[in-house]
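See structure below.
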Amino acid sequence: MKEKLQQIPERIRELREILELTPETLAAHLHITIEEYRGFEEGKLDIPISMLYEIAALFGVDMTVLLTGEMPRMNTHTVVRRGEGVNVERFAGYNYSAMAYNFIGRIMEPLLVELSPSDAEPALVMHPGQEYNYVLSGKVKIRIGKDDYILNQGDCIYFDPMLPHGQRAVDGAASFLTVICDTTIKR
């Protein structure tokens, strides 16, 4: 798993170099410090999922390219069997599986998220679009802005992800399906 995670920063560096962009240029476009950007590209810092979307958009590639090194191939439908999603562990306690990675031109990103139990409050992230979370198992605490919600199996929430948000498992492991629609994508 660690080796696969290291491949993502390597792909980012390689694509940046192919596009003849400097680390400083990317840091400025991403509104982060050059030190933070270099930490991402060197694999020293975890890259938030929202940042991966932004980087893919800046490079003009599908996020699947960053995750797998390959372009999506299906344009009418794609089937992903249980356990065959592309796994990405981006934050401690979060394990993401991209469930539609092989579909060309998708405007939604369905991800299966498995949360390890934690008493720590989640890191809050923001990204464009709209987001939907449906709890598959366990209990999830979601913070949106300054508000906290406890969602149980079968509960769901739909929200504006430009509000700082994060999730954590409560009382044991939990999993949820998140579907992110980036409304800034032009098709």
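The values are calculated or read from the model by the stated rules, or taken from the named source; none is laboratory data. These figures come from a predicted structure and were not determined experimentally. Cβ coordinates were reconstructed from backbone atoms using ideal geometry, including for glycine residues, and neighbour counts include every protein chain displayed.
Here are some notes:
- Of the criteria (1) surrounded by fewer than 14 Cβ atoms within 10 Å (Cβ to Cβ); (2) part of a helix (DSSP H, G or I); (3) among the acidic types (Asp, Glu), which one Glu54 fails: (1)
- Filter pass, Pro122 being within 25 Å of Asp148 (Cα to Cα), surrounded by fewer than 17 Cβ atoms within 10 Å (Cβ to Cβ) and in the same structural domain as His165 (by TED's automatic domain parsing): no
- Pairs with Cβ under 6 Å, 6+ apart, first in the stretch 34-60 and in the same structural domain as Val113 (by TED's automatic domain parsing) and among the charged types (D, E, K, R), second crowded, with 16+ Cβ neighbours inside 10 Å and in a helix (DSSP H, G or I): none
- Summed over the stretch 133-160, residues that are polar (S, T, N, Q), buried (at least 16 other Cβ atoms within 10 Å of the Cβ) and more than 18 Å from the chain's Cα centre (by Cα) total 1.
- Meets criteria (closer than 17 Å to Ile49 by Cα, outside the structural domain of Ala56 (by TED's automatic domain parsing), of a type in the set (S, T, N, Q) and crowded, with 19+ Cβ neighbours inside 10 Å) for Gln130: no
- Considering residues of the stretch 66-97 that are of a type in the set (Asp, Glu) and either touching a strand residue (DSSP E or B) at 6+ places or on another chain (Cβ under 9 Å) or not in a loop (DSSP other than H, G, I, E, B) (or both) only, the residue modelled with the highest pLDDT: Glu84
- Out of Ser97, Ser116, one residue alone is hydroxyl-bearing (Ser, Thr, Tyr), over 18 Å from Ile180 (Cβ atoms) and either within 11 Å of the chain's Cα centre (by Cα) or in the same structural domain as Ile142 (by TED's automatic domain parsing) (or both). It is Ser116.
- Qualifying residue in the stretch 99-114 (condition: out of contact with any Ser or Thr (no Cβ under 9 Å at 6 or more places or on another chain), surrounded by fewer than 18 Cβ atoms within 10 Å (Cβ to Cβ), over 26 Å from Ala56 (Cα atoms) and not small (Gly, Ala, Ser)): no
- Lone unmet requirement of (1) acidic (Asp, Glu); (2) in a helix (DSSP H, G or I); (3) surrounded by 15 or more Cβ atoms within 10 Å (Cβ to Cβ) for Asp46: (2)
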